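Here's the structure, in structure tokens; my notes come after.
The values are calculated or read from the model by the stated rules, or taken from the named source; none is laboratory data. What you see is a predicted model, and the numbers here were worked out from it, not measured in a lab. Reconstructed Cβ throughout: ideal geometry from the backbone, glycine too, with neighbour counts over all protein chains shown. Note: areas computed on protein heavy atoms with side chains; ligands, DNA, RNA excluded. Shrake-Rupley method; radii C 1.70, N 1.55, O 1.52, S 1.80 Å.
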Amino acid sequence: AIYEMILHRTIDFGLVAYPKKMAGVVCEIFAEDDLILIQSRRHPLIKKSISLKELHQQKMIAFSPQTPTGKTIEQFLKTNGIRVKIVHAYDNIETIKRAVEIGMGIAFVPRNTITQELKNHSLALISAKGLNLKRPLGLLYAKGKTFTKSTKTFHDMLTQKRNECLGTIETVR
């Protein structure tokens with residue numbers, strides 16, 4: 001839906017995870033999130049440090065398999081021969097975090113989404129040897145878009161962040 005709104009110019013920008021190429025849409029990768037494992041600090045299910053194989057048969061709160069993040073995690077687990085017990089699947093990060101907080105299971109989430117939960121000690125990180133999942137974030141806008149002063153400022157703010165984070169400009173057209 002975001003790509004269609006960009007093409008029809010009903011919105012100036014779209015921010016998406018795992019952006020894809022589409023004619024008429026410019027996509028600039030502006031950041032990458034690390035996907036990490038979390039569990040409830042109050043109801044820990046596994047050790048703080050594990051091997052990937054120890055995820056086998058663990059209760060997991062998952063991203064919906066219809067989401068790009070859910071598909072990526074599902075493929076990662078399959079590639080590594082890991083079968084987890086999906087307790088619930090959601091398309092909302094906040095819902096996933098709340099389910100983990102009450103001890104329903106562990107979950108993969110973007111690292112930058114759990115800052116507050118780490119501060120208030122409601123979630124704990126699980127270090128998993130061999131876990132190296134990244135989630136690219138893309139800024140979308142219509143090809144040939146004329147920027148206003150405010151949209152140019154917003155674009156420049158994100159592309160400056162991208163240059164600081166990635167060191168290079170990666171553009172998909």
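How many residues, within segment 15-29, are more than 8 Å from Pro136 (Cα to Cα) and open to solvent by less than 50 Å² (accessible area, probe 1.4 Å)?
In the first step, residues of segment 15-29 are kept if they are more than 8 Å from Pro136 (Cα to Cα); the result is 15-16, 20-28.
Cutting the leftovers down to open to solvent by less than 50 Å² (accessible area, probe 1.4 Å) gives us 16, 24-28.
Result for segment 15-29: 6.
Suppose we filter Arg162, Arg173 for residues that are open to solvent by less than 60 Å² (accessible area, probe 1.4 Å), at pLDDT below 90 and among the basic types (Lys, Arg); which single one remains?
Exactly one of Arg162, Arg173 is open to solvent by less than 60 Å² (accessible area, probe 1.4 Å), at pLDDT below 90 and among the basic types (Lys, Arg), namely Arg162.
Pull up segment 40-85, narrow it to residues that are within 18 Å of Asn132 (Cα to Cα) and among the polar types (S, T, N, Q), then point me to the one that is nearest to the chain's Cα centre (by Cα).
Thr69
Across segment 126-144, what is the total count of residues that are more than 18 Å from Thr113 (Cα to Cα) and either loosely packed, with under 12 Cβ neighbours inside 10 Å or at pLDDT below 90 (or both)?
3
Only residues in segment 1-24 that are of a type in the set (Phe, Trp, Tyr) count as the first member; pair them with residues that are in a loop (DSSP other than H, G, I, E, B), Cβ under 6 angstrom, at least 6 apart or cross-chain, and list the lot.
Tyr3/Met22
Collect the residues in segment 48-77 that are out of contact with any helix residue (DSSP H, G or I) (no Cβ under 6 Å at 6 or more places or on another chain) and aromatic (Phe, Trp, Tyr), keeping them in residue-number order.
Hit for segment 48-77 is Phe76, nothing else.
Looking at segment 30-45, which of its residues are farther than 30 Å from Ile2 by Cβ and open to solvent by less than 30 Å² (accessible area, probe 1.4 Å)?
Gln39, Ser40
Every residue in segment 96-119 that is in a helix (DSSP H, G or I) and either exposed (fewer than 14 other Cβ atoms within 10 Å of the Cβ) or acidic (Asp, Glu) (or both), please.
Glu101, Asn112, Thr115, Gln116, Glu117, Lys119
Between a residue in segment 142-157 that is assigned to a loop (DSSP other than H, G, I, E, B) and any residue that is open to solvent by 70 Å² or more (accessible area, probe 1.4 Å) and polar (S, T, N, Q), which pairs come within a Cβ distance under 9 Å, given they are 6 or more apart or on different chains?
From segment 142-157, the pairs are Phe147/Thr153.
Being among the β-branched types (Val, Ile, Thr) and farther than 30 Å from Thr146 by Cβ is the requirement here; does Val25 meet it? Lay out the reasoning, then the answer.
On the way: among the β-branched types (Val, Ile, Thr): yes; farther than 30 Å from Thr146 by Cβ: no.
No.
So Val87 ticks every box in (1) farther than 25 Å from Ile46 by Cβ; (2) open to solvent by 50 Å² or more (accessible area, probe 1.4 Å) but one. Which box is left unticked?
It is condition (1) that Val87 fails.
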